[in-house]
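Every number here is computed from the coordinates shown, using simple stated rules; none is lab data. On a predicted model such as this, the values are computed, not experimentally measured, just so you know. Counting neighbours? That spans all protein chains shown, and the Cβs are built from the backbone with ideal geometry, glycine included.
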Amino acid sequence: MIDTRGNELYIGGVAASSLVREYGEPMYAYDAEVIENQYGKVRAAVPPEIQVFYSMKANPNVSIVAALSRLVQGAEVSSLRELYVAQRAGFSPNRIIFVGPSKTEAELREAISKRISCLVVESEEELYLSDAIASELGLTIDVALRINPAFDAAGSKLKMGGSARQFGIDEEIIEGVIRKAASLTHARVIGIQVYLGTRILDHEVAWKNTRYVLELGRRLQEETGLEMRFIDFGGGLGVPYFAGEKDFDIERFGVEFREFFAEYRKTMPNTRFVMELGRYLVAESGVYLTKVQYVKTSRGQKFVLATGGMNHHQATTSIGTLVKNHFPIEVLNKMCAEKTEQITVCGPLCTPTDVLGKAVKMTDVEPGDIIGVLKSGAYGLTASPIKFLSHDHPVEALVYKGRSFLIRERSSVESILDNQTLVYLDIEEKRSSSAASMAAESL
């Protein structure tokens, strides 16, 4: 668990300072026991028939995925590389679904040839291409149609449906698509997927979204004759990052869910119900650690300049949002000290957007202190501009009950040239000609 002992933050029973001494910084540290506990909350709340799939985009580190492969029923991938990582981490193809609005032919071919559990297609064109590829391979692939719903998820921090979107097939035309798909010979439509939004903190909004999807599935089954053998109702459960936000009430969500789920189970007894979760499972497990390099004051405002910033953790910068909030930020070696100052925490990049937290209430900070950004287990490293200004790739460590494991090494200076090819152009003649021309013009 992540807790405070004495004056220091502990992650999985290991002091933050010990992790920094062993692995260096900047770094991400994840507590696997927190992930177990988050999954346990979900499993206890929702009916046993609900299959929980890990949405790998939240954190695709192979060791995180491996830890979850022992817990959840499946993985949701969105690229060829995620498909590869999922299998390496222990997910067999029949536990994997593949989503994404613009899958390439290579991705479809690989997913079909691996015989994954279900391919979630997001357009008619993708549906027909999948059928053609499966036919060429001599295989049959189960597909679910992603629907862009007419319903708007009012409580979502990031809406994924309810208006014109690049995601899915509009609800208004989905019946016709299902009827046309009946003539396909190698892409077999077995159900639907609907993902209304993410970062939902209101349990009532979450269960209403879920009920809407289940009702849509039942209606489509009745009106088109398609037996719904698969319904993926997304998830989108959030965690509170900012002041004033409250924990998602998973217990009350579960109570409401169980009350209405039974009636849908009766009309769809052979349906596999899937709930996708990413952020809810892993966000609380992670801490981003970075050292204070300098402390300075500019026109009365105090700044901390850290060794890592938005290049490693763009999510906490609030780029692209109207309201500038920040994740919980602490001085990990001074957890119990009184917070008497307002400090802006910045990273090493040459851009004013590299701000981990603006006007954060903190204790007195000195060079050498360790800053920690909490709740950083989801959409952290791999959702950040890691290559910008060519700084180090941070270490990642997994901690479990007092033991820590290195799960990603720090990049070397030389690794910046990986996948690059150095080409020398013969430009000397042009350079000399240009110099001569400039000299002539100056006479």
If R₀ is 35 angstrom, what is the calculated FRET efficiency for the pair Tyr294 and Leu422, using the beta carbon separation as r and rounding to 0.05?
0.50
Determine, for Thr297, Thr382, Thr316, the number of other Cβ atoms within 10 Å of each Cβ, and report the residues in order from fewest to most.
Thr297, Thr382, Thr316
Any residue on another chain or 5+ positions along whose placed amide H is under 5 Å from the amide H of Ile407 is listed here as Glu396, Ala397, Leu398
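Name the trypsin sites (Lys or Arg not before Pro) in segment 271-310 that are in a loop by DSSP and that have at most 10 other C-beta atoms within 10 Å, would you? Please list the in-between numbers first.
Numbers: sites: Arg272, Arg279, Lys291, Lys296, Arg299, Lys302; in loops: Arg299.
For trypsin sites (Lys or Arg not before Pro) across segment 271-310 that sit outside H, G, I, E and B with at most 10 neighbouring Cβ atoms in 10 Å, the list reads Arg299.
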Between the helical axis of 32-45 and the dominant principal axis of the chain, each derived from Cα atoms, what acute angle in degrees is found, rounded to the nearest 10?
30 degrees
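Excluding Glu136 itself, what net charge comes from residues whose Cβ is under 12 Å from its Cβ, given Lys and Arg +1 and Asp and Glu -1? Can you show the working numbers first?
Values: positive: Arg109; negative: Glu105, Asp131.
Residues close to Glu136 contribute a combined charge of -1.
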Counting sequence-distant residues (5 or more places) and residues on other chains, those with an amide H built under 5 Å from that of Asn59 are Tyr379
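Listed highest first by mean packing, meaning other Cβ atoms within 10 Å per residue, what order do 343-356, 227-240 come in?
Numbers: 343-356: 19.1, 227-240: 22.9.
Ranked from most to least packed, the peptides come out as 227-240, 343-356.
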In degrees rounded to 10, the 0-90 angle between helix 203-224 Cα long axis and the longest Cα principal axis of the chain is 40 degrees
Simple Cβ-charge dipole of segment 2-283, Lys/Arg +1 and Asp/Glu -1, about Cα centre, in debye nearest 20:
460 debye
In sequence order, calculated HN-Hα J values of segment 183-194 (Karplus, 6.51, -1.76, 1.60; Hz; x Gly/Pro)
8, 6, 9, 10, 9, 9, 6, 10, x, 9, 10, 9
Quick one: 3J(HN,Hα) in Hz for segment 407-412, Karplus 6.51/-1.76/1.60 with θ = phi - 60°, rounded, Gly and Pro as x.
10, 7, 7, 5, 6, 8
For n ≥ 4 DSSP H runs only, could you compute -39500 (n - 2.57) per run for the chain, divide by its residues and tell me the 222 nm figure to the nearest 500?
-9000 deg cm²/dmol
Taking Cα atoms only, helix 250-267 is inclined relative to the longest principal axis of the chain by an angle, in degrees rounded to 10, of 30 degrees
I need the phi-derived Karplus couplings for segment 392-399: 6.51 cos²θ - 1.76 cosθ + 1.60, θ = phi - 60°, integer Hz, Gly and Pro marked x.
4, 7, x, 6, 10, 10, 10, 10
Any idea what diffusion coefficient segment 1-137 gets from Stokes-Einstein, in µm²/s, Kirkwood Rh on alpha carbon pairs, 10 °C, 1.306 mPa s?
93 µm²/s
